[in-house]
Each structure stands twice: as C-alpha cells, then as structure tokens.
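Inspection log for the structure reproduced underneath, given as structure tokens.
Just so it is clear, none of the values below were taken in a lab; they were calculated from the coordinates. Treat the numbers as computed from the prediction; the structure is a model and nothing was measured. Quick reminder, even Gly has a Cβ in these numbers, built from the backbone with ideal geometry, and neighbours come from all protein chains shown.
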Amino acid sequence: MARPVIGMVGSNMMDLITYYEDRFPRVGETIFGKDFEIGFGGKGANQAVAVAKLGGEVVVVTAVGDDLFGPLVKENFARHGIDTSFIKTVPGKTSGVAPIFVDPRGRNSIFIIPGANAFLLPEDVWKAREALARSHFILVQLEIPLETVYATMDLAQKFHIPVILNPAPFQPLDWQSIRGVRLFVPNERELEGFAGFPIEGEEDLKRAVATLWERGIENVLVTLGERGALLGSGGTFTLFPAYQARTVDTTGAGDAFLGALAYFLAEGKDLPCAVDLACAYAALSTEKRGTQKSFASREEFLEWLKTAQKKSPSFIL
C-alpha cells in the first residue's frame, strides 16, 4: 500500500519551554523555575512531524527567518524525512518562536511570535501546487496570514482535496471562504470565540457547534483535552472519550491529535475510527516532555495501544 500523503500549509516555531513548580510569577516578581528546554514546534510543523512519525509522506509549505533558527528548522524537517523544497526563507525576519509555560500538572500557557510565518503568502502555496495536488488531505492552521489560509482552501477545492482546518489561535473568519472545509477542528476556547458565548456545559457545547452548522460548516470536531473529542456532523453528536495516560506535559497534544487524524483518514480509516485513534495518539504524547519529541512512531503507538484503556465518558449526550 502506498504511503498516505498529507499536505501541510502552516507554521513552524521554536518552542522555548519553561517548567515551573509552584506558581507563575506576579508582575514585577522574579522566582526560580524548575527546568527549561528548547524544541521544534509550531502547530503546522508539529502536525507534519506527527504524520511523518506515523509513516506518512508530508508536503510542507512554511516560512523561516534568516536567523540562526531557520537552518535548524529545515534540518529538523529533513531529519524526519520531510521534503524542504517549499520552505521559504524570509530575509531580515526572525523565525517564529513560542515561549511556553508548563505548570506542575502538565498544563501549558503559550505565547506565539509568528516572525517569518506572517510572510507565508498565497503565491507560496501556488508555487507548491503540483506537490500539494498529490495530497490525500491538507492540514491548515491560523498561525499564518488568513489570505494564505483562504488561498489554500481555493487550491484544495480546485484539486478536490479535503481540508482539515485547525482554527488556532482564534481569529474571526470569512465563513464563505472556508465553506468547503471537510473538518473544522477547534478546541473549546476557540469554539467559544466563534460562537460568541461561554461554554459551561455539554448543552452549551452542542449549541456552539450548531452555530457553526448554521454558517455552512458541516463537520465540526471539538477537541476537549483530557475529556476526549466531540464530533458534530449531520445534526448529530458523537463523544469520543480520552484515553488514560501518565500525563507529564500536554504541550503539543492537540497537534499530535490532528496529525494522527489526517494520517489515519488518509490511510483509509472511517471518521469515527480515525478520531478514536487520534485521541489515543494524543494521550500517548502527554506521557513525555516537549512537543515533537513526545510524538510516538507508528510501532511505538500500536504497541502502547494494545493495553491502552479509555476513560469513562465525561458526559452523556
């Protein structure tokens, strides 16, 4: 069987990860942190690496600066077997960075400074059109200019390629420009932004999904962290419980989920099966520190899956 091919038009970042033990410092206060790591990240790059680690072929369209991080990012993609032909270097700009703060429970808070990612343009997507046309799915996020996101949607429709859009970080969208998206995958906070009201329970969650249906988005998959994922499609809802894990760091778990989702769909799994496997892959990623380095290979994942257990459903639909 041929390897699944996934296109990724999106971001890359250098993750600057601080682990702290007690609390975050107040304004004007200096306290000791517990540990610090530098790693490769960015939503797009993370999702691409997850696909590659599972065994897929990835076509990456992204941008780096002409700083010291740029060549390292390219080398990292190449080390994972990902073609670097469509990685643009932006003169005079820094590469994207993401300062990440991880609390004692493994929960993270993140700033992103897009840098060169803000200069990934529609023309860059067009230059990669022949390579992207081979894709079974295309992954897109919102850490790049919206005009580039919309250009990717247009290209995908031209070549009849389904798109998985991860609308993160939240920003208002032109719904007409993304109407053809196959899967719209926000987390709860992003969904709140689109719905325009707070989500405080499962009824709010379902009502928020329904607001996206009204805007022409047919398939909404909400990631719920340690509670799993909720699929809203065809007027019905399906809850996918999370898997049990010895969590030490949740950084990148959402990207592990999306990369695995795209991979298993491209491999031919039906949507419920792919979502369930993606929940499992994301859970496994939380058992190690860091982002991309916490992602398992296909062999490691399948071995872990043999004894993995699901959590009890967090609510009843």
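For a quick protection proxy, order the peptides 59-70, 289-300 by their average other-Cβ count within 10 Å, most packed first. Don't jump to the answer; show the numbers that get you there.
Values: 59-70: 22.5, 289-300: 19.1.
Packing proxy ranking, top to bottom: 59-70, 289-300.
Between the DSSP loop rule and a limit of at most 10 other Cβ atoms within 10 Å, which chymotrypsin sites (Phe, Trp or Tyr not before Pro) in segment 70-150 are left? Please report the intermediate quantities before stating the final value.
Working: sites: 77, 86, 101, 111, 119, 126, 137, 150; in loops: 86, 111.
Passing sites in segment 70-150 are 111.
In terms of the Cα gyration tensor, with a ≥ b ≥ c the square roots of its eigenvalues, is the chain rounded because a/c is under 1.5, prolate because a/b exceeds b/c, or oblate?
Values: a/c = 1.26, a/b = 1.02, b/c = 1.24.
It is rounded, given that a/c, with a ≥ b ≥ c, falls under 1.5.
By average Cβ neighbour count within 10 Å, what is the ranking of 168-179, 9-20 from highest down? Can you show the working numbers first?
Working: 168-179: 14.5, 9-20: 24.2.
Ranking the peptides 168-179, 9-20 by packing returns 9-20, 168-179.
Antiparallel versus total DSSP beta bridges in the chain: what percent is that, nearest 5?
Working: 22 of 50 bridges.
Percentage antiparallel, nearest 5: 45.
Checking the cross-link filter: which aspartates and glutamates have an alpha carbon closer than 13 Å to that of residue 311, excluding same-chain neighbours under 8 positions apart?
Straight-line reach from residue 311, under 13 Å: 226, 276.
With label points built 7 Å along Cα→Cβ from the Cα atoms of residue 160 and residue 203, find their separation and express it in nm.
According to this spin-label approximation, the distance is 4.5 nm.
Name the residues whose placed amide hydrogens come within less than 5 Å of the amide hydrogen of residue 187, ignoring near sequence neighbours (fewer than 5 apart) on the same chain.
Answer set, sorted by chain and number: 223.
Per-residue ellipticity at 222 nm for the chain, helices alone: DSSP H runs ≥ 4 residues times -39500 (n - 2.57), over residue total, nearest 500 deg cm²/dmol?
Numbers: 10 runs with 104 residues, N = 317.
Roughly -10000 deg cm²/dmol at 222 nm, from the helical runs in the chain.
What share of all Cα pairs of segment 79-123, in percent, falls into each consecutive 10 Å distance bin?
Percent of Cα pairs in each bin: 21, 34, 31, 13, 1.
Do any trypsin sites (Lys or Arg not before Pro) in segment 71-132 lie in a loop, going by DSSP, with at most 13 other beta-carbon atoms within 10 Å of their beta carbon, and if so which? Don't skip to the end; give the middle numbers.
Values: sites: 74, 79, 88, 93, 105, 107, 127, 129; in loops: 93, 105, 107.
Passing both the DSSP loop test and the Cβ count: 105.
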